[in-house]
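S.K.: Quick one: this structure, given as structure tokens, is what I'll be asking you about.
The values are calculated or read from the model by the stated rules, or taken from the named source; none is laboratory data. Quantities reported herein were computed from a predicted structural model and do not represent experimental measurements. Neighbour counts are summed over all protein chains in view; Cβ atoms, including those assigned to glycine, are modelled from backbone coordinates with ideal geometry. For the accessible areas, the whole protein counts, side chains as well, though only heavy atoms, and no ligand, DNA or RNA atoms are used. Shrake-Rupley method; radii C 1.70, N 1.55, O 1.52, S 1.80 Å.
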Amino acid sequence: MGFVFSKSMNENLKAQQEFMLMNSRLQLERQLLMQNQMRERQTVHAWTREFLKYLGMFFGLAAVGLTAGAIKKKQPGILLPIVPLIFVFAYQYDMGYGTLLQRIKG
């Protein structure tokens, strides 16, 4: 009779060990996925900040050139393309330095 109880306890112990092994594997896989997602997000942030530098240089040169052209030709309408550039630059700045992402998460 004791043999029957010990046999069922051994089976329960083996089942519990298998469950713990499967659970630890699943947890490890989830940790790896989370680390990969974090690495991808950091890469996106780095790319966005690098793009922001080039966009800022373009915006600065365009603003100076358009301002000079508007003064030289005495037509203020030449400055009109600066308006959408301001919005694009502001969006990229917001995206690159995290405030947009924080608002999306919120």
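S.K.: Name the residue from Q75, H45, Q35 whose Cα lies farthest towards the positive end of the charge dipole of segment 1-105, charges +1 on Cβ of Lys and Arg and -1 on Cβ of Asp and Glu.
M.R.: Q75
S.K.: A further question follows. Rg/Rh for the chain to two decimals, with Rh computed the Kirkwood way over all alpha-carbon pairs.
M.R.: Numbers: Rg = 29.9 Å, Rh = 19.2 Å.
For the chain, the value is 1.56.
S.K.: Carbon-plus-sulfur fraction of the accessible area of segment 1-105, 1.4 Å probe, in percent?
M.R.: Of the solvent-accessible surface of segment 1-105, carbon and sulfur hold 67 percent.
S.K.: Once you charge only the Cβ atoms, +1 for Lys and Arg and -1 for Asp and Glu, what is the size of the charge dipole of segment 24-106 about its Cα centre, to the nearest 20 debye? All intermediate terms of the calculation are to be shown ahead of the outcome.
M.R.: Values: 11 positive and 4 negative charges, 23 e Å.
The dipole magnitude comes to about 120 debye.
S.K.: Further question on the same structure: Convert each backbone phi in segment 59-69 into a coupling constant with the Karplus relation 6.51 cos²θ - 1.76 cosθ + 1.60 (shift: θ = phi - 60°), then list the ³J(HN,Hα) values in order as whole Hz, x for Gly and Pro.
M.R.: Residue by residue, segment 59-69 yields 4, x, 5, 5, 5, 5, x, 5, 5, 4, x Hz.
S.K.: Separate question: Just to be sure I understand: with springs between alpha-carbon atoms less than 10 Å apart, which residue in G65, G56, G96 has the highest mean-square fluctuation in the Gaussian network model of the chain?
M.R.: Looking only at G65, G56, G96, the largest GNM fluctuation is found for G65.
S.K.: Now, a different point. What nm value, rounded to one decimal, do you get for the distance between M9 and Q37 when each label is placed 7 Å out toward the C-beta?
M.R.: About 4.3 nm separates the two model spin labels.
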